[in-house]
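Step one of this worksheet: look at the structure below.
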Amino acid sequence: PTPHRATTMVAFWNASEPQGLSPESVTVPVVFLLIFLLGAFGNSLVIIVLLCSGQRGSSNTTTNIFILNLSVADLCFILFCVPFQATIYTLDGWIFGSFLCKAVHFIIFLTMFASSFTLAAVSVDRYLAIRYPLRSRELRTPRKAAAVIAAIWGLALVFAGPYLSYYQAVTFQNMSMCMPVWAKEPRKLMDMVTFVCGYLVPVSVLGLAYAFTLKYLWTAVDPLEEMSESKRAKRKVTTMILIVAGLFCACWLPHHVLILYFWFGHFPLTHATYAFRLLSHCMSYANSCLNPLVYALVSKHFRKGFRKAFAFACGRRCCCHRRRHHHHHHHH
């Protein structure tokens, strides 16, 4: 690397290729733009469908509340983080000032913790729904789900809070960089806490919960007996949430591997490691736009809701017009 590149590497996380237009200075913003459009649209749609469909009293109500929370977290991330982060591979440095440098990273981690905790909660919720359908009824109430969600955001705030001081806009060779400013040891500790509490523990919880759920689901059915409608529906919902959880684990894995490698391995700053970092960025960010696709592919209920929302959005004008017209005639 050129001396200029070596000095830029002080800002390891933001290092961009100094030589003019590099491929990633174009591809990354395009990828981020796609994530932004798909994610903003998809998650908004999920939120609308869940708020309007009102499946009250169904055994999936609590699950839907958790899915709603997941979409809210993803939407926050997409609106407040993706547009700013999209620029770091294109522009030299950070142009948004110190407050946004802190805020963006805080929200990145806040929503990551909220998502991982929500996925862990919903995995336990699915286990209870399937293993103890009757006994878990008084546990799986909307009020209790709301309390769990309040606790999730409370914990996420506690864990993400330190990132408000962890990152800062630093001026470096007439260029502002948004980068970690903590000393090595506290940084290492913070990264480990984030990995363990934001990834390892939730992933272990949901791994165990789904292992038990699947074991029960796929063994507790008498092959001769026709599977009941409700059980089939439960299996469907569980499959859907399982895919969502799997995607979260897969999408955030490179990010955490990279950080562990950075602290505990030999991490030369080569084109290869730069490319891997780019990939880890894109994958962890892409996670926030994938869930609505999963719901649309797996769940008939969501497909129906999406179609309704579309019909409503497209047909509202003519509907209202027709209705008013009709109403008018009756009066005469």
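What follows draws every value from the coordinates through simple rules; no lab data is involved. In this text the structure is predicted, and so the values were computed from the model without any measurement. Positions of Cβ are backbone-derived with ideal geometry, glycine not excepted, and every protein chain shown enters the neighbour counts.
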In the structure shown, of 215/300; 144/184; 144/236; 144/231, the pairs separated by more than 31 angstrom at the C-alpha atoms are 144/184
The range 157-188 scanned against label point 7 Å out from residue 99 along Cα→C-beta; backbone N under 15 Å for 169
1/(1 + (r/R0)^6) with r = Cβ-Cβ of residue 61 and residue 34, R0 = 30 Å, i.e. FRET efficiency to nearest 0.05, evaluates to 0.35
If R0 = 25 Å, then residue 216 and residue 158, at their Cβ-Cβ distance, give a FRET efficiency to the nearest 0.05 of 0.15
Most packed first (mean Cβ within 10 Å per residue), the peptides 104-117, 261-274, 232-245, 132-145 order as 104-117, 232-245, 132-145, 261-274
Diffing the range 90-98: the Karplus 3J(HN,Hα) column from phi (6.51, -1.76, 1.60, θ = phi - 60°), in whole Hz with x for Gly and Pro, holds 9, 8, 6, x, 10, 9, 9, x, 6
Extension length gain for residue 303 and residue 44 (0.36 nm per residue less Cα distance), in nm, is 91.8 nm
Descending packing, highest mean Cβ count within 10 Å first, for 124-130, 211-217 is 124-130, 211-217
Stretched fully, the stretch from residue 271 through residue 187 gains (0.36 nm per residue minus C-alpha distance, one decimal, in nm) 27.8 nm
FRET efficiency (residue 260, residue 146; Cβ distance; R0 56 Å; to 0.05) is 0.95
Note: residue 134 to residue 52 extended length (0.36 nm per residue) minus current alpha-carbon separation gives 26.8 nm
